[in-house]
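Taken together, the values in this text are just the output of simple stated rules run on the coordinates, not laboratory data. Model, not experiment: these values are computed from the prediction. Because the Cβ atoms are built from the backbone with ideal geometry, glycine has one as well, and the counts that use them run over all protein chains shown.
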Amino acid sequence: MPEYGAGGFTASGASLTGSTAPEHEDDGSRAVIDVHHHFCAPQWREWGEARGLVNPGALPPWAHWDAESALALMDRAGIATAVLKPMLPARYESSAQLREAITVTLRAAVEAVEAHPGRFFFHTPLFLDDPEVSSWALRHGLDELGAVGVNVTANYGGVYLGDPVYDGIFAELDERSAVVDTHPHNLPSPPSAGTPAKPAPGAAARPEAPEAPGTGRPGGPGGATSAGRPGPPGVTVPGVPNFLCDFLLDTTRAAANMIRNRTLDRFPHLSVILPHGGGFLPHIATRLEAFAGSFDPPVDPAVVRDHLHRFYYDTAGPMSPAGTLLATVDPSRILFGSDWPACPADMVTDVAVPALASDPALTPALRRAVNRENALRLMPRLVPA
């Protein structure tokens with residue numbers, strides 16, 4: 001008999017989440033919706049190995065996703081439903097090969113959904129530095145296969161979300177009122193002399209290999225993004241893995257660039273999710289407003305404040321205490337995220353989930369909203385079968 005059953009309870013009935021809410025004050029911890037669940041499909045790994053794109057023996061643990069392990073973690077943590085964020089960490093030789101990789105991954109995601117009704121939903125990955133493949137992927141994933149959103153990287157070769165070069169894809173997403181789930185990346189390297197500042201439209205996807213955090217070796221979440229676009233890191237601090245600090249800055253840069261370019265005003269039907277509590281964004285909100293005139297071109301402080309309230313934020317990480325975030329954003333915009341398997345199972349169940357359950361800034365009603373209700377409002381299809 002397993003130690004934990006569905007719903008995150010031990011055999012004795014004690015809640016794994018650490019929730020102290022009385023039974024009549026449901027805090028959502030028995031049926032959590034996880035919007036930050038990484039998915040490196042076994043079928044993609046086999047496909048990549050057959051083409052010499054990946055070495056399975058060199059892949060880190062987080063890249064060895066399987067449904068049995070995922071469901072075990074979900075049951076331990078009280079997660080009823082997880083939204084899969086596809087990862088495709090490899091060097092692709094052409095746009096055609098990238099498209100094939102996305103096809104394999106999306107087919108695997110559909111199979112996971114069909115095999116476990118109500119437990120899994122999925123985003124479709126976009127590679128924004130390849131506009132043609134991205135346009136095809138959003139049509140195939142959203143319109144044909146039933147993805148609940150798309151996932152993108154904070155920057156592609158140093159060109160951050162919000163840059164006008166991505167407006168074509170964002171317009172297509174806006175037409176669909178799409179959920180745009182973001183994920184950080186290595187901070188970009190400074191461009192060398194003669195290097196184009198922006199990706200050329202239609203450029204083939206030829207990324208560098210991802211690195212494991214702090215190792216400089218290929219294959220870890222320090223270099224692979226939710227969309228799977230790996231790339232070389234910028235200047236790093238020896239002994240400080242990129243995911244500890246740089247990832248948070250990467251998200252913050254992307255958010256600031258979207259504010260600067262008024263992305264949510266120009267594409268008002270988009271819903272943009274910032275991971276890991278928005279990076280450093282909530283902690284520098286007052287600074288951004290106070291110095292809004294320092295943007296180029298200058299931004300009105302009201303625009304900063306408005307965008308901060310219109311982004312969505314997930315709790316993956318684990319997130320720092322919620323007080324700072326709640327002081328900055330609308331509580332209805334906070335979503336639960338586990339970050340598994342990039343975040344180890346024990347970290348999710350023993351640190352992140354209990355910390356959220358005991359956070360003094362969250363009432364049972366707010367925890368219920370974060371654990372479940374906010375995600376359902378944003379993506380109504382996330383209802384267990």
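Some observations on this one:
- As a size descriptor, the averaged projected area of the C-alpha convex hull of region 21-129 was calculated at 8.2 nm².
- For the pair residue 100 and residue 284, label points projected 7 Å from Cα toward Cβ lie 4.2 nm apart.
- Estimated FRET transfer efficiency when R0 is 22 angstrom, pair residue 132-residue 265 (beta carbons, to 0.05): 0.25
- Stretchable slack from residue 244 to residue 171, in nm (0.36 nm times residue separation minus alpha-carbon distance): 23.0 nm
- Within region 40-77, trypsin sites (Lys or Arg not before Pro) in DSSP loop having at most 14 other beta-carbon neighbours inside 10 Å: 51
- Region 86-180: radius of gyration over Cα atoms, expressed as a fraction of 2.2 N^0.38 Å: 1.06
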